[in-house]
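These notes concern the structure reproduced below.
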């Protein structure tokens, strides 16, 4: 809301790259992905209910990643690397889709196969989106929110 007010008033502002929804969603995605991978590592002894529970948390976090159009320029990804990033976004989306099907069907094999690729894909995508720490829209300035609002 504050950003909207600043934009309408013409005051300069900067959105920090860490505040962008895809980065926040990826941070939220880490724990459920780790839980899925940990449970899947048990192989046939893995608990499908545990993986399904973790998948539901991962699905909510992935929704946050994909909630807005992913403008890679906004994340500071150079044009020559954007195709590579999009490949990882598509791969992660595909894995989330496979896990969705696995949970609907109760298909342990599909869940285990998807989980096997999940962490490497997550790490690549997270690495791309975390590689640039510069603020978005250089030149525009936005003061940090007060501590009581979660600022520094």
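The values are calculated or read from the model by the stated rules, or taken from the named source; none is laboratory data. Computed from a predicted model, the values in this text were never measured in an experiment. Neighbour counts run over all protein chains shown; Cβ positions are idealised from the backbone, glycine included.
On inspection, residue 103 qualifies as at pLDDT 85 or above, crowded, with 16+ Cβ neighbours inside 10 Å and either in a loop (DSSP other than H, G, I, E, B) or more than 18 Å from the chain's Cα centre (by Cα) (or both). For the range 118-125, does any single residue satisfy the condition of being at pLDDT 90 or above and either surrounded by fewer than 14 Cβ atoms within 10 Å (Cβ to Cβ) or over 25 Å from residue 20 (Cβ atoms) (or both)? Yes: one or more hits. In the range 40-55, the residue that is farthest from residue 126 (Cα to Cα) out of those that are free of Cβ contacts under 8 Å to residues at least 40 places away in the same chain and not in a loop (DSSP other than H, G, I, E, B) is 45. Can you confirm whether the range 132-149 contains a residue that is part of a loop (DSSP other than H, G, I, E, B), modelled with pLDDT of 60 or more and surrounded by 11 or more Cβ atoms within 10 Å (Cβ to Cβ)? No, every residue in the range 132-149 fails to be part of a loop (DSSP other than H, G, I, E, B), modelled with pLDDT of 60 or more and surrounded by 11 or more Cβ atoms within 10 Å (Cβ to Cβ).
Do we find a residue being part of a helix (DSSP H, G or I), more than 16 Å from the chain's Cα centre (by Cα), modelled with pLDDT of 90 or more and at negative phi anywhere in the range 87-98? Taking every residue of the range 87-98 in turn, at least one turns out to be part of a helix (DSSP H, G or I), more than 16 Å from the chain's Cα centre (by Cα), modelled with pLDDT of 90 or more and at negative phi.
Scanning the range 57-81 for residues that are without any contact (Cβ under 8 Å) to a residue 40 or more places away in the chain and assigned to a helix (DSSP H, G or I) yields 57, 60, 61, 62, 63, 79, 80.
Please work out if residue 49 is at pLDDT 90 or above and loosely packed, with under 13 Cβ neighbours inside 10 Å. Spelling it out, residue 49 is indeed at pLDDT 90 or above and loosely packed, with under 13 Cβ neighbours inside 10 Å. Taking the range 10-19, which residues are modelled with pLDDT of 50 or more and either touching a helix residue (DSSP H, G or I) at 6+ places or on another chain (Cβ under 7 Å) or within 18 Å of residue 100 (Cα to Cα) (or both)? Within the range 10-19, 17 is the sole residue that qualifies. Taking the listed residues 28, 7, 22, the one that is within 12 Å of the chain's Cα centre (by Cα) and at pLDDT below 90 is 22, with no other qualifying.
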